[in-house]
Amino acid sequence: MNQKALRTLEYDKIIEKLCSFSTTDEGRALCAGLLPSGSLAEIQSLQTQTDDARMRIVSNGGISFGGTKNYLASLKRLEIGGALSATELLAISSTLDAATRAKAYGRRGDEETPDSLSSLFSGIEPLTNLNSEIKRCIISDDEIADDASPGLKSVRRQMRLAGERIHSQLNSLLVSARTYLQDGVITMRDGRYCLPVKAEHKAQVPGLVHDQSGSGSTYFVEPMSVVKLNNELKELAIKEQKEIEAVLASLSVEASSFITELETDFHILTGLDFIFARAAFSVSYKGTGPVFNNERIINIKKGRHPLLPADTVVPTDIRLGDEFDLLVITGPNTGGKTVTLKTVGLLTLMGCAGLQIPAAEGSRLAVFEDVFADIGDEQSIEQSLSTFSAHMTNIVKIMKNANENSLVLFDELGAGTDPTEGAALAISILSRLHNQGIRTVATTHYSELKLFALSTPGVENASCEFDVATLRPTYRLLIGVPGKSNAFAISKKLGLSDDIIEAAKEEIGAQDEAFEDVISDLESRRKNMEEQEAQARELRLEIEKLKKELSEKRERLEQQRDRILREAKEEARLILMDAKDTADKAIRAMNKSGVSVSKEAEAERSKLREKIGDLNDGLAIKAKKSGGVKSSDLHIGDGVRVLSMTLDGTVSSLPDSKGNLFVQMGIMRSQVNLTDIELLDEEPSGGKGGTISSSAIGKAKSLTISTEINLVGMRVDEAMAELDKYLDDAYLAKLSSVRIIHGRGTGALKSAVQTMLRKNKHIEKYRGGEFSEGGYGVTVAYFK
């Protein structure tokens, strides 16, 4: 990849930011050496790893690989049988701690769907036993635990005892020879315990002189009484060192059994650190994974320059390579042309390096073998080059090296020289690149280049929008619209007199002025179209909102209407039932008193019964229209409301193939259809508090209906009145069948019962009772 383009496009600053997200030295080295790739397979692999790591960070939080140490040189020593120091073994332990954390983090991520990182996490070996043994034996770089080995523990116990004996002996000398001593303290010289003796009393304290103070007034004397003890302590210190070396050698031998695992752990951890650094960097600027192609097509959606503040940068859409391979961007200075140019180049470099880009989902990038850029002030005093010469030197190199698999970026092409010649050179250079099919983006102020883009197939104009009213750029890239430099308008806003501006306009040729007027007219029309499109979009949203509100209102009104009609019919049914109850009681009273009931009264009662039946049917039909539950939504014990009966109950059986099921409502168990029920949010409560309504009275009645009636001992006319009322109540309660006990007797009561059952329109069939049900003295009737 062209190194000059990497610097020009500030790729090095991206790498510097990337390195800050790495937690290991080797990971930072990998980040620092990251370069764009020209292989589609390699790029897609890097992008997949980055995206998978980003998803893990979003789902499970970040992970640190801190503590990973480079112990590869130590492993080489283990291979040849060498022993490692405490520091080297602690480096292994620290890395194994990081491996343990990474292994646990990887398991959390793999609980969902395995990804491209799963194999890396599964390849980590924490070597828990080795790590625990190192921690048990080594406390710090210069301290080995007493329990590291039995021999070391024994030696250190002897050293403590020897030290105590020495201190005891010296403490007694401190008391007895206090007048000869400079200070009443015990000191250490050359690893041996001594006393600070005054120079003039050196002869009074026999022993070995180990040192003298700078002033010469104090001698550090090892009394003869502790020389043997000090010698013993010195010998124990030598033994201690040998035991420590034995412990380190033992740990080294154990570690040498896992050289391959330790080397693999190091490489995996540093590789994961590199991957997660890329992912964390992406999260910091809300990056997305671009879609790569080999067709050299670029389509960046809502792209943002990653080095600009996120709260101020304006997203822009950039296309190249689909309908045109050369894009000419025009517009005033400070309008965002150079930023757009750098955004295209830098996002391409980032994507090819496996980094996600700050752009919207679905953005497309192409794989380029090289990226060339001529941007900024190239003036060089040392090489005696003017701005134009420096630019041209760079352009010559680009023209020699660029091919159809390159991306070329020019900023102010042809600037720094005579405008006419500069424009001619720019057109010639762009024509050559265009004929070679090289993807190119160039910025310019020359009107000749705008005309070139308008008249050449495969070349497109673009402009950076500029608000003349506020003298501020909007930084929006408008593809297909050539831009104006707006020099006159800006100068006028800044206070340049009108006569100077008018004189300047007269210097412009009529053709150039007409061209600028066309551009101004196009810009005005574009703004009007955008405003109209925005207004149409708002109106469309408002219409959708009103349509939704109207639909909801209509649905509420229909539900309210159905509820009112159902309640009215329910009230009418209850009134008729009360009237029928009153008539039944009157007829029973007349039968008991021996007064015969007229045929007209019986006919009226039958009409009343038919009206109640019609109301029940109407309520059932209405309930079916408003109800309806899917079979899959029901479970045993679910709370439901039977709409035709306005009763709450619980599901006691699942629906059959016809959608019929049994619902338990208090002591009543009834068969209903799916279309006649609705699910309740809560368990049925058996009723609501407050004022008792007529519908509540009806519910209470239905809850008291038994599944059988006993007519034994009644006269035929009295029994028929009781049976007629019972059958009506049982039908309203939605009982599927009833048991009628009439006894054996003469058979007159049984015959009257079965005659009534044949005439009742709600009875589907009836049969004599079985032996277990009461035999000849019982008739079982089934409702429709």
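Values in this text are rule-based calculations from the coordinates and carry no lab data. Only a predicted model underlies this, so the values are computations on that prediction, with no experimental measurement involved. Heads up, the Cβs are rebuilt from the backbone with ideal geometry, glycines too, and the neighbour counts pull from every protein chain shown.
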Under 19 Å from the 7 Å Cα→Cβ point of M1, by amide nitrogen: which residues of the stretch 341-360?
-> 341-359
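Could you give the length gained on full extension between D211 and T746, defined as 0.36 nm per residue of separation minus the Cα-Cα distance, in nm? The partial results should precede the final answer.
On the way: separation 535, 0.36 × 535 = 192.60 nm, distance 14.04 nm.
Gain on extension, D211 to T746, equals 178.6 nm.
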Mind jotting down the distance between the C-alpha centroids of the stretch 53-109 and the stretch 724-784, whole Å?
-> 86
Paramagnetic reach from N231 in the stretch 157-193 [backbone N under 20 Å; point 7 Å along Cα→Cβ] = 158-170, 189-193
Describe numerically, in nm with one decimal, the distance between label points set 7 Å from Cα along Cα→Cβ at A424 and at D322.
-> 3.8
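With +1 on each Lys and Arg Cβ and -1 on each Asp and Glu Cβ, how big is the dipole of the stretch 1-48 about its Cα centre, in debye rounded to the nearest 20? List each step's numbers first, then the result.
Numbers: 5 positive and 6 negative charges, 38 e Å.
I would put it at about 180 debye.
Below 12 angstrom from the Cβ of L550, what's the summed charge of the other residues (Lys, Arg +1; Asp, Glu -1)? Numbers along the way, then the final one.
On the way: positive: K545, K547, K548, K553, R554, R556; negative: E544, E549, E552, E555.
Neighbourhood net charge equals +2.
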For the stretch 165-294, compute the number of Lys pairs whose alpha carbons are separated by less than 25 Å, excluding pairs fewer than 8 positions apart on the same chain.
-> 6
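Which of the residue pairs K301/K547; K658/K784; K76/K153; K17/K302; K750/K784 have a Cα-Cα distance greater than 26 Å in the structure shown? Show your work: numbers first, answer last.
Numbers: K301/K547 33 Å; K658/K784 15 Å; K76/K153 31 Å; K17/K302 22 Å; K750/K784 21 Å.
Those over the limit are K301/K547; K76/K153.
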Say each of L40 and E544 gets a label point 7 Å from the Cα, pointing the same way as Cα to Cβ; how far apart are those two points in nm?
-> 3.6
